[in-house]
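Notes follow once the structure below has been shown.
The values are calculated or read from the model by the stated rules, or taken from the named source; none is laboratory data. This one's a predicted model, so the numbers in the text were calculated from it and none came from an experiment. Counting neighbours? That spans all protein chains shown, and the Cβs are built from the backbone with ideal geometry, glycine included. Please note that ligands, DNA and RNA were not included when accessible areas were found on the heavy atoms of the full protein model with its side chains. Shrake-Rupley method; radii C 1.70, N 1.55, O 1.52, S 1.80 Å.
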Amino acid sequence: MNFEQFFRSELDGLHEEGRYRVFADLERQRGQFPKARRHTADGVKDVTVWCSNDYLGMGQHPKVIDAMKQAIDHCGAGAGGTRNISGTTHYHVLLEQELADLHGKESALLFTSGYVSNWAALGTLCSRIPGIIVFSDAGNHASMIEGIRHAKCERVIFKHNSVADLEAKLAAADPAAPKLVAFESVYSMDGDIAPIKEICDVAERYGAMTYLDEVHAVGMYGPRGGGIAEREGLMHRLTVIEGTLGKAFGVMGGYIAASAALCDYIRSFASGFIFTTALPPALAAGALASIRHLKESQVERFAHQERVRRLRSLLDRNGIPHLPNPSHIVPVIVGDAAKCKWISDLLLDNCGIYVQPINYPTVPKKTERLRITPTPLHSDGDIDHLVGALHQLWSRCALARAVA
Ligand SMILES: *Cc1c(COP(=O)(O)O)cnc(C)c1O
């Protein structure tokens, strides 16, 4: 086989379908977020980032940066091994205690990313519990799907956020089989929120465990940043709460929070936990500082929600269609892959605005979009500039306006 030719022809296919992914070469500037410098063939240009998952700008927070620097000065760079063999530092232990407390659980377990936490925890639960049936929301993230698929257990997909469909599918399954319901709180692409209470009610009725991905909610919702389940007083109803340290907490890593026995079980059996080097102590220290800060401070959460409201109202005033949802994610639907990429390129090249186009397969065809994520650090001027640029492009592309 001519391997090079094979790789190239597969990539050509992506280009033809308009699905080839291009990364923006950015340099974030400490203290300047959401401004960044972008490296191009024509030199370095200033851009405003409108699609970061550092939702609250905590990746720039002085407390987080100082904690990371101190940890490096104190312990050096890496963890030096897997958690099992010399990689557990006191920072990891403190961080797990902080996370358990954040979610009102007995215990928590760290992973190298949110992706790995879903893959490893679901993969282990679903492969090792004999006869388990997994009920998975149709909108679940790739990391959950891969974990469940890896387990080769029986799986049932229920309609996105449909309690009725979940209930019908639970009722149709073998009553004696162990069951797990896997879902998210805030869905990343539409920004809609699951009916957590109702899902817990149904799951309980059928004796199913519940596994909630709160990746797009931790740090941002609930009085201490525990997520939507905290805001709604439901954390105790969930068997497992999973989160990331890489989005609103601004650093990197993933975790689950659950009972002591469940966490110990995953710690003891999950290959994706056991056989990989632990997070560097500095990351654990930075995450710890970030979580502690957001447990106490409401300033970032309030400012975030206010910026989201302001952006939405200006989009409305200009007839730029965006999906209504109760979260901080503002999806502006373009509905055409080529136009979506084109608009994104023009925003970047001509206006210094960076919003990555989101195309199939991340979202269904005909719903291609710009997924805009305002942060507390976007100014009124930044918002005016973005909406003004979108307003002009909407006219140039002859895109449909929303009727006010
Ligand atoms: C980003 C994401 C993850 C993965 O988290 P990382 O820490 O980035 O690996 C998991 N679930 C959802 C819903 C996500 O959007």
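Can you say whether residue 289 is in a helix (DSSP H, G or I), of a type in the set (A, V, I, L, M, F, W, C) and more than 16 Å from the ligand (Cβ to nearest atom), as far as the supplied structure shows?
Spelling it out, residue 289 is indeed in a helix (DSSP H, G or I), of a type in the set (A, V, I, L, M, F, W, C) and more than 16 Å from the ligand (Cβ to nearest atom).
Which pairs do you get when a residue that is part of a loop (DSSP other than H, G, I, E, B), found in region 177-199, comes within reach of a residue that is within 11 Å of the ligand (Cβ to nearest atom) and of a type in the set (Gly, Ala, Ser), reach meaning Cβ atoms under 6 angstrom, with the pair 6+ apart or on two chains?
185/217; 187/139; 194/185
What are the pairs with Cβ atoms under 6 angstrom where one residue, in region 125-146, is in a helix (DSSP H, G or I) and the other, located anywhere, is within 10 Å of the ligand (Cβ to nearest atom) and modelled with pLDDT of 95 or more? Sequence gap at least six, or different chains.
Matching pairs, first to second residue: 143/115; 143/118; 143/119; 144/118; 146/119.
Scanning region 12-60 for residues that are among the polar types (S, T, N, Q) and touching a Gly at 6+ places or on another chain (Cβ under 8 Å), which turns out surrounded by the most Cβ atoms within 10 Å (Cβ to Cβ)? Walk me through how you get there before you give the answer.
Step one: of region 12-60, the residues among the polar types (S, T, N, Q) are 29, 32, 40, 48, 52-53, 60.
So of that shortlist, the ones also touching a Gly at 6+ places or on another chain (Cβ under 8 Å) come out as 48, 53, 60.
Values: 48: 22, 53: 17, 60: 19.
Within region 12-60, the match that is surrounded by the most Cβ atoms within 10 Å (Cβ to Cβ) is 48.
Does residue 229 satisfy the condition of being within 16 Å of the ligand (Cβ to nearest atom), open to solvent by less than 10 Å² (accessible area, probe 1.4 Å) and either at pLDDT 95 or above or within 19 Å of residue 156 (Cα to Cα) (or both)?
yes
Counting residues that are within 16 Å of the ligand (Cβ to nearest atom) and not small (Gly, Ala, Ser), which strands (runs of 3 or more DSSP E) fully inside region 29-118 reach at least 2?
107-111
Please tell me if residue 162 is small (Gly, Ala, Ser), within 23 Å of the chain's Cα centre (by Cα) and within 16 Å of the ligand (Cβ to nearest atom).
no
Can you find a residue in region 257-268 that is part of a helix (DSSP H, G or I) and over 25 Å from residue 183 (Cβ atoms)?
Yes, region 257-268 contains at least one residue that is part of a helix (DSSP H, G or I) and over 25 Å from residue 183 (Cβ atoms).
In region 4-43, how many residues are among the hydrophobic types (A, V, I, L, M, F, W, C) and either in contact with a Ser or Thr (Cβ under 7 Å, 6 or more places away or on another chain) or without any contact (Cβ under 8 Å) to a residue 12 or more places away in the chain (or both)?
Number satisfying all stated conditions: 7.
Just wondering, is there one or more residues in region 253-272 that are open to solvent by 50 Å² or more (accessible area, probe 1.4 Å) and under 30 Å from residue 30 (Cα atoms)?
Scanning region 253-272, I find no residue that is open to solvent by 50 Å² or more (accessible area, probe 1.4 Å) and under 30 Å from residue 30 (Cα atoms), so the answer is no.
Those residues that are over 23 Å from residue 271 (Cα atoms) and open to solvent by 50 Å² or more (accessible area, probe 1.4 Å), I need them from region 123-162; list them, please.
Those that are over 23 Å from residue 271 (Cα atoms) and open to solvent by 50 Å² or more (accessible area, probe 1.4 Å): 138, 157, 159, 160.
Would it be correct to say that residue 219 is outside any helix (DSSP H, G or I), touching a Phe, Trp or Tyr at 6+ places or on another chain (Cβ under 8 Å) and within 16 Å of the ligand (Cβ to nearest atom)?
Numbers: outside any helix (DSSP H, G or I): yes; touching a Phe, Trp or Tyr at 6+ places or on another chain (Cβ under 8 Å): yes; within 16 Å of the ligand (Cβ to nearest atom): yes.
So residue 219 fits the description; yes.
Given 171, 203, which one is more than 16 Å from the ligand (Cβ to nearest atom), open to solvent by 40 Å² or more (accessible area, probe 1.4 Å) and in a helix (DSSP H, G or I)?
171
Quick one: how many residues across region 329-388 are part of a strand (DSSP E or B) and either modelled with pLDDT of 95 or more or in contact with a Pro (Cβ under 7 Å, 6 or more places away or on another chain) (or both)?
Result for region 329-388: 10.
Give the residues of region 246-265 that are closer than 28 Å to residue 59 by Cβ and more than 16 Å from the ligand (Cβ to nearest atom), sorted by residue number.
Initial filter on region 246-265 (closer than 28 Å to residue 59 by Cβ): 246-258, 263.
258, 263 - these are the residues of region 246-265 that are closer than 28 Å to residue 59 by Cβ and more than 16 Å from the ligand (Cβ to nearest atom).
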